Amino acid sequence: MNNKQNDKKISNAVIRRLPRYFRYLRELIRNDIMRISSRELSEKMNITASQIRQDLNCFGGFGQQGYGYNVKFLYSEISHILGVENGITAIIIGIGNMGKALVNNPLFEKRGIKIMGLFDTDPDVIGTTYGDLTVMDAKDAAGFIDENFIDIAVLTIPKSAAQDTFNELAETSILGIWNFSNAEIKCPENKDIKIENVHLGDSLMALCYEVAQTKESN
């Protein structure tokens with residue numbers, strides 16, 4: 001299976017659902033469930049069985065008629081598609097409340113991502129340690145990226161600093177940015193850096209809208 005060859009044909013909506021498959025399949029393995037049908041998986045994920053089959057068929061299907069899906073095999077394949085086994089490395093720039101929360105979160109390790117460095121501009125923060133990592137000066141981040149072949153930079157910095165920070169990082173070998181600054185970072189047309197802008201407030205307000213609609217209907 002050549003996933004890279006098929007990437008352009010796969011919709012963003014399908015890609016966005018893959019982490020959900022990863023998460024639910026991991027839970028099934030923990031519960032010693034080794035085989036599951038698309039119908040059973042749809043009941044757990046609240047996605048139609050037809051949608052599940054369509055999604056997975058984008059990558060080759062993986063199912064067997066009358067048998068369903070081998071959970072461990074499907075989990076392994078989706079892990080491969082998502083790059084969990086690719087030894088992806090990352091740094092975090094901005095060790096405030098959000099940065100500290102991410103440093104202590106097992107999310108990265110569970111997704112196969114190794115945090116290699118922590119950076120900040122605050123002299124009181126530089127030199128502090130988290131686990132086996134010592135916070136370094138943010139002005140050294142660009143050099144660190146190129147020297148250590150870092151794949152992803154996580155930005156938990158003020159909105160006002162986001163674009164300038166990205167512009168500096170864009171001159172390095174960085175491949176992706178996970179941006180928590182609440183700024184919509186723009187990538188130059190001559191660069192191919194993947195950017196995921198995370199807006200926690202948007203998610204919260206979407207929930208607030210749904211709650212408000214429910215309250216009004218009661």
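Worth a mention:
- Pair list, Cβ < 8 Å and 6+ apart or interchain, from segment 30-41 residues that are surrounded by 15 or more Cβ atoms within 10 Å (Cβ to Cβ) to residues that are charged (D, E, K, R): Ser38/Arg53
- Restricting segment 43-86 to residues that are free of Cβ contacts under 8 Å to residues at least 12 places away in the same chain and closer than 15 Å to Arg23 by Cβ, the residue that is surrounded by the most Cβ atoms within 10 Å (Cβ to Cβ): Ser76
- Segment 87-108: number of residues that are part of a loop (DSSP other than H, G, I, E, B) and open to solvent by 10 Å² or more (accessible area, probe 1.4 Å): 5
- Residue ID - modelled with the highest pLDDT, chosen from residues in segment 182-211 that are among the acidic types (Asp, Glu) and more than 21 Å from Arg16 (Cα to Cα): Glu210
The values are calculated or read from the model by the stated rules, or taken from the named source; none is laboratory data. Everything numeric in this text was worked out from a predicted model, so none of it was measured. Note that each Cβ is placed from the backbone with ideal geometry, even for glycine, and that neighbours are counted across all protein chains shown. Note: accessible area is taken over every heavy atom of the protein model, side chains too, but ligands, DNA and RNA are not part of it. Shrake-Rupley method; radii C 1.70, N 1.55, O 1.52, S 1.80 Å.
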